[in-house]
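J.: Handing you a structure now.
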Amino acid sequence: MSTPAATTGNAPDADRPVPYQVAPSVPADLPVDGPARSSGRLDVDVDVDADRTERRARASQSFWTVVVGVPAIFSVLRLGVEAGGELQTTLLLVANVGPVNMLAGFLTTAARLLCTALVAVFALGGVLAASREATARRSLFARWMDVTPSWFIAASFLMALVTWPLLYLPLLLPTLAAAFGLTPVRLHERPVVRVLMITAGYAGYLWLLVPTMRDAWRQAEPLPIALLVVPPLLALFVAGPLPRVVLRAFAPLSQAAVLVVLVWAALPVISAPVLPLTVTTVGATAEATEEIRGHVVTTDDVHTVILQERGGVRYVPVDFVREQVLCPSEEELPRYRLWIHDFHVEDSLLEGLGRRVRPVHRVDAACR
């Protein structure tokens, strides 16, 4: 529809302004040329960028909410378990257990669980990623393996190296081979040289562990022998790819198994104490005394508050406290009497180095 031209002369409507005409809208399916098309694209790009920025902001907020909220909820649950499920005792612990205690207890107990989970995920993800051609659908662990930087994977294995007990360190060999696809073919192109290299390396490995395996044989402990001998052999065969028939069942079962193992392994972390275990000797006189085994919650000018190991809270007058002894928990007591070159097999590298600086003292008789 065109705008009528203004008339001049003696026409009655000559001096009236021309009314404003709204241009008809162009259908979306018709092509638009020139500046109008460019302006439309610019508006769409601006809207997409704004929406993307808003999504990133929401994702960042949710991420930090999880980072801060999950440990806080985890800490409260841990205090609830430590208090035996009693509300008043839980409130007492919340009021007196500082965040440093919670953080220290969480790191010392959960660091091993965290790196174990990462090593398991990366090992299974490496095998599944190497078998991507055998199936059209990518598994969850394989996708995680693709998006995770190599330095983070290496840091996870390094963390496991310093936090795992020495008895389980040989398990890092097959998991490392599975995660990075390390096969014997990559050692050397000639089969004879590969066999010689593998044989020499395995013989040297066993030579270092001969005293430990001899002691394990004398003590009738087959599990330590298996953990020291079998994993290096598995490292030669665990790297992918897997056959199609095996892969269809392996991918879902392995992911479910990792989840079940993590839930099972998290139970000791939640139930681990957040306060040191002590035996406090109390009594009105030096002759009439009583030994209270538990965790000292707080001490003031009037009372020493003790969370007893068998449940309940005791308020002991400060003047009645005669002696206190720090005791190890039952989980800290060693199970095996095996050593690997002055390192106990149940100690990690960090714990073994710490015992060299501060040797373990004899357990006091009051702790038994």
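J.: Going residue by residue through region 216-227, is there one that turns out to be among the charged types (D, E, K, R), in contact with a helix residue (DSSP H, G or I) (Cβ under 7 Å, 6 or more places away or on another chain) and on the phi < 0 side of the Ramachandran plot?
T.: Scanning region 216-227 turns up no residue that is among the charged types (D, E, K, R), in contact with a helix residue (DSSP H, G or I) (Cβ under 7 Å, 6 or more places away or on another chain) and on the phi < 0 side of the Ramachandran plot.
J.: Counting only residues that are open to solvent by 50 Å² or more (accessible area, probe 1.4 Å) and of a type in the set (A, V, I, L, M), which one in region 199-229 is farthest from residue 346 (Cα to Cα)?
T.: Per the stated criteria, the residue is 200.
Residue-by-condition table, conditions (1) within 30 Å of residue 166 (Cα to Cα); (2) modelled with pLDDT of 85 or more; (3) not aliphatic (A, V, I, L, M):
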residue: 276; (1), (2), (3): yes, no, yes
residue: 309; (1), (2), (3): no, no, yes
residue: 312; (1), (2), (3): no, no, yes
residue: 321; (1), (2), (3): no, yes, no
residue: 330; (1), (2), (3): yes, no, yes
residue: 336; (1), (2), (3): yes, yes, yes
residue: 343; (1), (2), (3): yes, yes, yes
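J.: Step by step: first the residues of region 182-207, then only those that are of a type outside the set (A, V, I, L, M) and assigned to a loop (DSSP other than H, G, I, E, B), then the one that is farthest from the chain's Cα centre (by Cα). Which residue is that?
T.: 190
J.: Can you pull out every residue in region 213-249 that is within 22 Å of residue 175 (Cα to Cα) and in a loop (DSSP other than H, G, I, E, B)?
T.: Within region 213-249, 235, 236, 237, 238, 239, 240, 241, 242, 243 qualify.
J.: Inspect region 324-342 for any residue being within 30 Å of residue 221 (Cα to Cα) and aromatic (Phe, Trp, Tyr) and give the result as yes or no.
T.: yes
J.: Please go through (1) surrounded by fewer than 13 Cβ atoms within 10 Å (Cβ to Cβ); (2) assigned to a helix (DSSP H, G or I) for residue 261 and return the number of the only condition it doesn't satisfy.
T.: Residue 261 satisfies every listed condition except (1).
J.: Give the residue, chosen from 149, 174, that is open to solvent by less than 80 Å² (accessible area, probe 1.4 Å) and touching a residue at least 40 places away in the same chain (Cβ under 8 Å).
T.: 174
J.: For region 181-190, which positions are open to solvent by less than 80 Å² (accessible area, probe 1.4 Å) and not β-branched (Val, Ile, Thr)?
T.: The answer is 181, 182, 184, 188.
The values are calculated or read from the model by the stated rules, or taken from the named source; none is laboratory data. What you see is a predicted model; the values in this text were computed from it and never measured. Methodologically, a virtual Cβ is constructed for each residue, glycine included, from the backbone with ideal geometry; neighbour enumeration extends over all protein chains shown. Accessible surface areas use protein heavy atoms only, side chains included; no ligands, DNA or RNA. Shrake-Rupley method; radii C 1.70, N 1.55, O 1.52, S 1.80 Å.
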